[in-house]
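The values are calculated or read from the model by the stated rules, or taken from the named source; none is laboratory data. As the structure is a computational prediction, the values presented were derived from the model and not from experiment. Cβ sites come from the backbone with ideal geometry, for glycine too, and all protein chains shown count toward neighbours.
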Amino acid sequence: MAGSSSFPLTSPALSPLINAVGRVVLGKEQQVRLAFSCLLAGGHLLIEDRPGMGKSTLAEALARVFSLGFKRVSFTSDLLPADLTGINVFNTTEATFRFQPGPLFTQVLLADEINRASPRTQSALLEAMAAGRVSLDGISHDLPEPFFVIATQNSLDQVGTSPLPEAQLDRFLMRVSLGFPDRASEEELLRGSFSPAAATPPLLDGKSLKQLHHQCAAQHCSDELINYVLDLVAASRQGQGGLSPRASQALLAAARAWAMLSGRDYVIVEDVQSVLPAVVEHRLDAGRPAGSETPLSTKLLERVNALR
Amino acid sequence: MRSAELTLGLRNLYIIPSRFGALWLGSAALLLLVAIQTTSNSTLLLAFVMLALLLLAMFLTHDTLQGLCLRCGEPSPTFAAESATYPLLIESRHRRPPLRLRFRKASDSAHVQLSAGVTLVGLSWRPEHRGWQQPPQLQIETIAPLGLFICWTRWNPQTPQLIWPRRRRGPVLEQHPPRWRDGLDEWNDLRPVREGERPAVVDWAGVAKGRPLQAKVFTVPDDVERMLKPAAGVPIEQAREHLADRIWTLQQRGERYGLRLQSKTLSPGRGLQHRNACLEALATE
Amino acid sequence: MNRHGRQRLFKPETLAWFAMPPLLLQCLTLNWSAALTWPTYALLICALLKLWRCSKPFDRRLAALLQLLSAGLLASQLQGLLATILQLIAVSAAFAGLLGHELGGMLSVRALLRRSLQLLLAALPLALVLFLFVPRIAPLWTTELGPVRGAVTGLSSDLDPLSIERLATVNASAARVSVPDGEALPTTAYWRVLVHEQFDGRSWQHRDPPFSRQPYRGLLNESEISQWWVIEPSSTRAVPWDGRSKPAAKDQWVTSEGELMVGAASRQKRSFRLRKGTDAMRWQLRPPFDSERKHPPASLPRLKQLGARFRSLPTDQERLQAIERWFKNQPFRYSLNPGPITDLDNFLFENQVGFCGHYASAFAALMRSADVPARVVSGYLGGRQINPLTGSPYLELRQSDAHAWVEVWLEGTGWQQVDPTLWADRNAFDNGNQGQQRTKLTWSDRANWSPGRLGQWLQGQWWGLDMAWTRWWLGLNQSSQQNWLQALLGTQQKWLGLFVVLACTASLSLGLLMVQLRLGSHQPLEQSLRLLADFGVTPLPGDTFSDLCRRAAAAHPDRNQLLGAMAHHHQVLTHASLNSHQRREHLREWWRIQRELGSPS
């Protein structure tokens, strides 16, 4: 499967960015690369883990390194959709409604503890994620370009939460779990040899990001590779459920980004295999990790002949 | 003979000429006759080439299947009376011409073209009864490459597949009848605006209509929990089918439910795992 | 599972269509009155319809089988080089089409063609063993369904002097003959075809002899062959020969008149061989029939009168010489455009201008009225020697070489050939005697090239090839088979059955080996997988090729570099977008690594 330990090649243009984020989130190169792939593929990212694993730190570092404007919203149960999207405030002196944009109008929205908000608020956010705009009282307001949502979610928290429904989970390109750091990284953490998220230098401007997006979309996918992705989604659809066409698109887009991170201009089977757990796991288990069992994505990989 | 794994070889492969093979042989014989009558070398050679190809095809057709290794996959549960997919893992050392797999009683068959490595093939069949069911006898056959011979084997895969009761709409006993939340209303009351109130809760529409500034009062709809039980007065098998259907729809809606059967009780919950546990209980208890 | 998304220009079904044009082309040259023509057409039309309207896979396979069958039937009727090549193309295409029905999804068209040729080649050893060593049997029954109609240029059974004239201006090829290497081609020989023994005062008619086959006995040695003939379609069953050679096959026989008959349908190109004959043939000694003595009818009074004058001479020989003298004393002139000649009296005593038909008719009639049995023979005279670049020289007879001469019965010596045309004054003013040109074209004179000449030259070359092929291919017959069986087994002929069985087994194994060796070897991935299997690494579910290489490298650290490089090249070859040059480079590198990995460390 995906070799998680070694990354022999990194695109020279992108390695400073990865290193910069890697100095903030120690010992999580795989997750950092996944997060990068997600953003390069133009998708929204869901980071899920226990509290205190550095979810928000990663999110903030990502936003800063791309030098994108970002806002952070802590989702709570009493958060209203209007708290996100903004409201039409009635100006009594002019007797007109004036649109007051909410925190959604930013390039990167850090949605902390997204599963704590009410389903209604979540769906307002997800509409913005899907369409890139917000509709209020019949008027639609376009969100800035690019628009990313990096949401975090507490995996232990089950009480008083509203888990994201399947259709809305599908909007997230990837779900990444951070997991415990290894001993060496934690030691560095304790010794304080890490840089805080707020100190992450902006290394890329908006124009370069756009270029990267184009470059990512132009990565070459061979027939064999497309067939592999098709076989994967076909295998997932045997039995109940299965991956949506959006999921297969997402899989290929993420694989393209992963290939670009590896400094290649074509996509190989390993790229797909590397991003597959992050891309499909949350779509297959509908938001509830299977726990100790073999991950569904691993099973899926074993069902498709990858010798091509 | 049931087994979890089958390697195709001389012991379990059968081969006979197909109808086309018989026609081919007849044609070769006819050409032989023509060649003798007209003393034509070319026709004679063609007749012999056709005979030689027939013999060669016997080995080639056999080779198409020989050495394949079939293993049961992990079948995912399905409802009875619906098309179920039984996964088979087929391992091949090299690329092979197409072959056909089907369950003997099933109508449709799967045509697969194997490349080197392990390939997963889903075979459909139609289970009629709930519980852990073994699939029918499997037939693997091929006529490749020339269609002159048909080579086949039969196998009973060992791994059973969990079949849930079939889905059928019908009455189900619910201990807490559903209280439908009024999803249309965002808020259910208004109160005067306090100092420091967020603008999001202010009823701006009311302000526009000339009313004083008021704040909306929201209710957080609490989850409705229900325990499902077989309906009284319905045969138990049929009641199971109704329950299966109800569980399916509740899961689709994302609601919480529990299940109480005579021998087993599952406390309310939601999610795929919970649904699967409930349906498995319905199928096997 | 491994379907190619790319749209292909040719689908496997198209391959089957490629068999149609060669088959149809050959069909058009078939003779409508031959027995096998109609079945061939029927099969071909069935194949066409099946191919067109096939709904089930079985139909498509059936179409391929019908194509093969019709190719077989065509092969029994058309045996020239061009026909054989077309049949070969048709059979290969039909077979590739058949293979394509099952393997079309797996192989590209090129690979499919390669595979089908490979299978045909693999079947060839066994087929050749059967072909060479299974004893041939003679035709089980004979049919006399000879063609009777059809407009074909050639000699006709009714020798009206005019018809020969028409023929003399036709430049089409009539026949080709070659002789064993080292022997000179008889360029001035008379090639007899038809014997006309019935005279009605105007034309000489050929009587179809009753079918009387002289059983052919004995086997033929290749060294006994004296002539190889290829005859263009003609309207007669009789074929040109020198009057001395002997039949070499069961379907050839010599009639009592001295005509050589060949059993094969005459409206098609025929080819046959003849044996050396040294002694006099039976036909030469057969006493004349009454019809060969019959005096000319009363409508030719002056001719009869002249003939009666010679009756007083005691012997046939003297009468012949007297008539020859008479001819030579008269001012006869040779011309292909003699002007209107009403009858033979008119020709002999007034006009005295004519060509071979006139001379032969008049002379034969004169001999009969002098009480010497005589008959007219039509055939060909001479021919051109052609030395093709390939194969041995051959003699080409054209329709313009058609000739008529006379045979007279002389007591004691039998039928003797006399050519009265030679007595005519050939050096007179008339130059329109193309029909009797005896120019030997050697094609060595390349000074005056012209498109027409180039065409002729090319045709000559092609016929040379065709001749060589026909000589060789027809030579592999029952008698030559007995020869090589004799040479192989000697007196142990009773072991032939065992020998054939053993040879079949061996050749079948050889065929299987050929198939196995080439199986998928053009797939670099498959070769590498076999190689990795030798390293003890077999694919696990979900393994990529790089995973396999990594595992192999872990087990064999000394090959780490090579395995890594192999994985890299595989990735590039499969997934990167390469131009053809890069692809070649990577493939070469890949094969190099394969070889290096395959060799023991």
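Listing for the model above:
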quantity: Members of segment C:79-97 that are in contact with a Ser or Thr (Cβ under 8 Å, 6 or more places away or on another chain) and within 7 Å of another protein chain (Cβ to nearest Cβ); calculated: C:Gln79, C:Thr84, C:Gln87
quantity: For B:Ala81: the one exception among (1) among the hydrophobic types (A, V, I, L, M, F, W, C); (2) on the phi > 0 side of the Ramachandran plot; (3) within 14 Å of chain A (Cβ to nearest Cβ); calculated: (3)
quantity: Complete set of residues in segment A:264-276 that are surrounded by 24 or more Cβ atoms within 10 Å (Cβ to Cβ) and either farther than 13 Å from A:Ala254 by Cβ or modelled with pLDDT under 90 (or both); calculated: A:Ile268, A:Val269
quantity: Test: residue in segment C:485-507 that is modelled with pLDDT of 90 or more and of a type in the set (Ser, Thr, Tyr); calculated: yes
quantity: Criterion violated by C:Ile225 - all others in (1) modelled with pLDDT under 80; (2) of a type outside the set (Asp, Glu); (3) surrounded by fewer than 18 Cβ atoms within 10 Å (Cβ to Cβ) satisfied; calculated: (3)
quantity: A:Leu126 modelled with pLDDT under 85, in contact with a Lys or Arg (Cβ under 8 Å, 6 or more places away or on another chain), surrounded by 13 or more Cβ atoms within 10 Å (Cβ to Cβ) and not polar (S, T, N, Q); calculated: yes
quantity: Condition met for A:Ser208 (within 27 Å of A:Pro16 (Cβ to Cβ) and either touching a strand residue (DSSP E or B) at 6+ places or on another chain (Cβ under 6 Å) or not β-branched (Val, Ile, Thr) (or both)); calculated: yes
quantity: Segment C:101-117 - residue that is assigned to a loop (DSSP other than H, G, I, E, B) and in contact (Cβ under 8 Å) with a residue 60 or more places away in the chain and, of those, surrounded by the most Cβ atoms within 10 Å (Cβ to Cβ); calculated: C:Met106
quantity: C:Gly201 being at pLDDT below 85, more than 15 Å from C:Lys246 (Cα to Cα) and not hydrophobic (A, V, I, L, M, F, W, C); calculated: yes
quantity: In segment C:525-571, the residues that are within 13 Å of chain A (Cβ to nearest Cβ), more than 20 Å from A:Val304 (Cβ to Cβ) and buried (at least 19 other Cβ atoms within 10 Å of the Cβ); calculated: C:Ala553, C:His569
quantity: Given (1) at pLDDT below 85; (2) closer than 25 Å to A:Arg183 by Cβ; (3) buried (at least 16 other Cβ atoms within 10 Å of the Cβ); (4) not β-branched (Val, Ile, Thr), number of the condition A:Phe97 does not satisfy; calculated: (2)
quantity: Sole residue being farther than 24 Å from B:Ala205 by Cβ and assigned to a helix (DSSP H, G or I), chosen from A:Ala124, A:Ala82, A:Ala111, A:Ala61; calculated: A:Ala61
quantity: Any chance C:Leu120 is more than 9 Å from chain B (Cβ to nearest Cβ), in a helix (DSSP H, G or I) and over 29 Å from C:Ala35 (Cα atoms); calculated: no
quantity: Hey, A:Val229 more than 14 Å from chain B (Cβ to nearest Cβ), of a type in the set (Val, Ile, Thr), surrounded by 14 or more Cβ atoms within 10 Å (Cβ to Cβ) and not in a loop (DSSP other than H, G, I, E, B) or not; calculated: yes
quantity: Residue list for segment B:104-118, restricted to those being crowded, with 23+ Cβ neighbours inside 10 Å and either in contact (Cβ under 8 Å) with a residue 60 or more places away in the chain or in contact with a helix residue (DSSP H, G or I) (Cβ under 9 Å, 6 or more places away or on another chain) (or both); calculated: B:Ala116, B:Gly117, B:Val118
quantity: Among the residues listed as C:Ser70, C:Ser55, C:Ser76, the single one being away from chain B (no Cβ under 11 Å) and among the hydroxyl-bearing types (Ser, Thr, Tyr); calculated: C:Ser55
quantity: Candidates B:Ala35, B:Ala47, B:Ala57, filtered to the one that is more than 8 Å from chain C (Cβ to nearest Cβ), buried (at least 21 other Cβ atoms within 10 Å of the Cβ) and touching a helix residue (DSSP H, G or I) at 6+ places or on another chain (Cβ under 8 Å); calculated: B:Ala57
quantity: C:Gln478 being modelled with pLDDT of 80 or more and under 33 Å from the mean Cα position of the chain (by Cα); calculated: no
quantity: Filtered residue count, segment C:173-188, keeping only those that are surrounded by fewer than 11 Cβ atoms within 10 Å (Cβ to Cβ) and either on the phi < 0 side of the Ramachandran plot or of a type in the set (D, E, K, R) (or both); calculated: 3
quantity: Single residue of segment C:484-507 satisfying the filter (under 31 Å from the mean Cα position of the chain (by Cα) and surrounded by 16 or more Cβ atoms within 10 Å (Cβ to Cβ)) that is nearest to C:Asn387 (Cα to Cα); calculated: C:Leu485
quantity: Looking only at segment B:84-103, and only at residues there that are more than 8 Å from chain A (Cβ to nearest Cβ), within 30 Å of B:Asp245 (Cβ to Cβ) and without any contact (Cβ under 8 Å) to a residue 40 or more places away in the chain, the one that is surrounded by the fewest Cβ atoms within 10 Å (Cβ to Cβ); calculated: B:Arg102
quantity: Residue within segment C:579-593 that is within 14 Å of another protein chain (Cβ to nearest Cβ), surrounded by 14 or more Cβ atoms within 10 Å (Cβ to Cβ) and touching a residue at least 12 places away in the same chain (Cβ under 8 Å) present; calculated: yes
quantity: Residue list for segment A:75-84, restricted to those being of a type in the set (S, T, N, Q) and at the interface with another protein chain (Cβ under 9 Å from one of its Cβ atoms); calculated: A:Ser77
quantity: Filter result (away from chain A (no Cβ under 11 Å) and on the phi < 0 side of the Ramachandran plot) within segment B:60-78; calculated: B:Leu60, B:Thr61, B:His62, B:Asp63, B:Thr64, B:Leu65, B:Gln66, B:Leu68, B:Cys69, B:Leu70, B:Arg71, B:Cys72
quantity: Check on A:Glu302, touching a Pro at 6+ places or on another chain (Cβ under 6 Å), at the interface with another protein chain (Cβ under 9 Å from one of its Cβ atoms) and not small (Gly, Ala, Ser); calculated: yes
